[in-house]
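Asks: Here it is, the structure, as structure tokens.
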Amino acid sequence: MTYVTSLIDLLELHQDLDEIFLQHQRALLRLDTEAAMQRLEEYEIALTSHIADEEELVLPLYKERAQIRLGAAPEIFTNEHTKLRSYVELFKAEIPRLIETKDRERKTLWLLDSETTFKRLVVHHDVRERKFLYPELDKVTSQKEKDELFEKLRLRPVNRPLAMVQSNVITFDNAGPLFS
């Protein structure tokens, strides 16, 4: 079965991640720290699963076969992944402090400002993957290899087939995030 004709299609997952993060930020705007933390934890699970897929499945294949251009070394992608994880940890540590502070609105604004920096990194990372990583992999993989890679992913875009798979795989169904 053909799941994707281009590996770039897998980047639809970034939109799914963005939606979870948006839900987190909306909860922050409502000063609903419980919902904000819950959405952030969902985001962290999805993000770390996606990063693991890239670092364990995608980047080794890229490193082995692709013509690596300036600004697209595998280490750049892994360094960005490290920064993304660090930001999420920082945000998780800040949410409980929102409850304890006297000026919750000010602290919430500070956190949202910090998240803007994070979102810029996310956009930059997405552009790098769209421009270099996935187009290069498309050039050096067969359709069979693309399908095999897709089947191994822990996390897949919402609107792709094979949405619900083994219970040990984190994935999305068509109704939204589904974590196991």
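Asks: Step by step: first the residues of the stretch 1-48, then only those that are at pLDDT below 95 and among the hydroxyl-bearing types (Ser, Thr, Tyr), then the one that is farthest from Ala72 (Cα to Cα). Which residue is that?
Replies: Across the stretch 1-48, the extreme among qualifying residues is Thr2.
Asks: In this structure, does Thr78 turn out to be modelled with pLDDT of 95 or more, surrounded by fewer than 13 Cβ atoms within 10 Å (Cβ to Cβ), out of contact with any Leu (no Cβ under 6 Å at 6 or more places or on another chain) and among the hydroxyl-bearing types (Ser, Thr, Tyr)?
Replies: In short, no.
Asks: Could you check how many residues of the stretch 1-47 are within 20 Å of Leu149 (Cα to Cα) and of a type in the set (Ser, Thr, Tyr)?
Replies: The total comes to 4.
Asks: Restricting the search to the stretch 70-86, which residues are in a helix (DSSP H, G or I) and either over 20 Å from Leu28 (Cβ atoms) or under 13 Å from the mean Cα position of the chain (by Cα) (or both)?
Replies: Pro74, Glu75, Ile76, Phe77, Thr78, Asn79, Glu80, His81, Thr82, Lys83, Leu84, Arg85
Asks: Given the conditions (1) farther than 18 Å from Asp138 by Cα; (2) touching a helix residue (DSSP H, G or I) at 6+ places or on another chain (Cβ under 7 Å); (3) of a type in the set (D, E, K, R); (4) without any contact (Cβ under 8 Å) to a residue 60 or more places away in the chain, which single one is not true for Glu42?
Replies: (4)
The values are calculated or read from the model by the stated rules, or taken from the named source; none is laboratory data. Just so you know, these numbers come straight off a predicted model, no measurement behind them. Every residue, glycine among them, receives a Cβ derived from its backbone with ideal geometry; neighbour counts consider all protein chains shown.
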